[in-house]
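For reference, the structure discussed in these notes is given below.
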Amino acid sequence: MDVAFRSELSSAMGSQLEAMFFFNPRQSNWAAQIRQVVEKYGMPEMKEAGGKITIALRGNAHTQTLFIVNPQWPDLLEGVIIYSRLDYPEILVLHLALAEPRLAHVVTVPEAGSTLDFLRLITAFTKLAKSIAGVERLHFAYWNLAIPII
């Protein structure tokens, strides 16, 4: 499945974003790591202007948010990545969230907007990071893990 990255979403997608990022049922699995990132880098909050929404970290102007959508269904949010580039050769991934599986009880058809899995998200984000001059690695704050961009 191809993915598209956006820096903002239509305000109409606000409920999808809230459900995925702020009320994600898997959030409790990462509570300690999320708390550490929030304490160090700021609290995520939704921002709305001109009919568009994004997520920013309160008190931290050095972060960016990318929303992941399926190009065939651009109003279906698949994932969110909040990141920063505090160290020049490194992109620091502060938060990430994925949509819950939508087709759990039926046969999944790839073209039907099936949920983006973690490896596809990381692969797509790594491909994007390769296109940014000087980036040599991705660092994931939740796991304190850095992976080289090859």
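The values are calculated or read from the model by the stated rules, or taken from the named source; none is laboratory data. Computed from a predicted structure; not experimentally measured. So basically every Cβ, Gly included, is an ideal-geometry build from the backbone, and we count neighbours across all protein chains shown.
Figures for the structure shown
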{"item": "Candidate set from region 80-113 (those that are buried (at least 17 other Cβ atoms within 10 Å of the Cβ) and out of contact with any helix residue (DSSP H, G or I) (no Cβ under 8 Å at 6 or more places or on another chain)); member that is modelled with the lowest pLDDT", "result": "Gly113"}
{"item": "Verdict on Gly50 being at positive phi, out of contact with any strand residue (DSSP E or B) (no Cβ under 9 Å at 6 or more places or on another chain) and at pLDDT below 90", "result": "no"}
{"item": "Hey, Asn70 more than 11 Å from Ala97 (Cβ to Cβ), at pLDDT below 95, touching a Leu at 6+ places or on another chain (Cβ under 8 Å) and of a type outside the set (Val, Ile, Thr) or not", "result": "yes"}
{"item": "Residue under evaluation Ala146, criteria (1) part of a loop (DSSP other than H, G, I, E, B); (2) at pLDDT 85 or above, criterion not met", "result": "(1)"}
{"item": "Criterion: aliphatic (A, V, I, L, M), more than 28 Å from Ile147 (Cα to Cα) and either in contact with a Pro (Cβ under 8 Å, 6 or more places away or on another chain) or not in a strand (DSSP E or B) (or both) - qualifying residue of Ala31, Ala12", "result": "Ala12"}
{"item": "Residue, modelled with the highest pLDDT, within region 15-28, restricted to residues that are assigned to a helix (DSSP H, G or I) and more than 12 Å from Leu77 (Cβ to Cβ)", "result": "Phe22"}
